[in-house]
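The values are calculated or read from the model by the stated rules, or taken from the named source; none is laboratory data. Just so it is clear, the model here is predicted, and its values are computed rather than measured. Cβ: placed from backbone, ideal geometry, glycine included. Neighbour counts: every protein chain shown. SASA here: full protein model, heavy atoms, side chains in, ligands and nucleic acids out. Shrake-Rupley method; radii C 1.70, N 1.55, O 1.52, S 1.80 Å.
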Amino acid sequence: IMLAEEALVPGASPNLTKLNLESNKIGNPGLLAIAKAIAKLPTLTAIKLRHQLFQPSVAAQQALVDAMEENTSLVTLGIDLKKDLRVKADRIESRNRDLLRKKRNAARAAAKK
């Protein structure tokens, strides 16, 4: 967990794209801290948080979904969410994938010029 905390400090891991924290003992305070950090990691595309010892609170789940909405590069949030939050997270994942696709297409078009 300490390595994850260090990796999640904005600027500490400028090339971090994927983070797997599955099957740990991360409680609600840890998930809230992760949510706060991932909102500020522009290269992070996927985070896996399933199979924690504790069931995340609705507040922690909401914070993770809100962070995903802020971080437009995050296209995979691997955690079990209550139904309405999963629907919202899926919508945000689709939006973020579309934004990344548009950025890639714009970069290709600029490279051809």
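Quick look at the values:
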item: Enumeration of residues in the stretch 16-29 that are under 14 Å from the mean Cα position of the chain (by Cα) and open to solvent by 20 Å² or more (accessible area, probe 1.4 Å); result: Leu16, Thr17, Lys18, Leu19, Asn20, Glu22
item: Test: residue in the stretch 31-45 that is of a type in the set (Lys, Arg), open to solvent by 60 Å² or more (accessible area, probe 1.4 Å), in a helix (DSSP H, G or I) and under 27 Å from Asp98 (Cα atoms); result: yes
item: Cross-chain or 6+ apart pairs with Cβ under 6 Å, the stretch 53-82 first and farther than 15 Å from Lys36 by Cβ, then among the basic types (Lys, Arg); result: Leu53/Lys25; Val75/Arg97; Gly78/Lys48; Gly78/Arg50; Ile79/Arg50
item: Matching residues, the stretch 20-79, being in contact with a helix residue (DSSP H, G or I) (Cβ under 9 Å, 6 or more places away or on another chain) and either among the charged types (D, E, K, R) or at positive phi (or both); result: Lys36, Lys40, Asp66, Glu69, Glu70
item: Check on Thr43, within 26 Å of Arg104 (Cβ to Cβ), β-branched (Val, Ile, Thr) and over 9 Å from the mean Cα position of the chain (by Cα); result: yes
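Rundown of residues vs (1) under 18 Å from Thr17 (Cα atoms); (2) open to solvent by 50 Å² or more (accessible area, probe 1.4 Å); (3) at pLDDT below 95, yes/no style:
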residue	(1), (2), (3)
Ala59	no, yes, no
Ala63	no, no, no
Glu70	yes, yes, yes
Ser73	yes, no, yes
Arg91	no, yes, no
Lys103	yes, yes, yes
Ala110	no, yes, yes
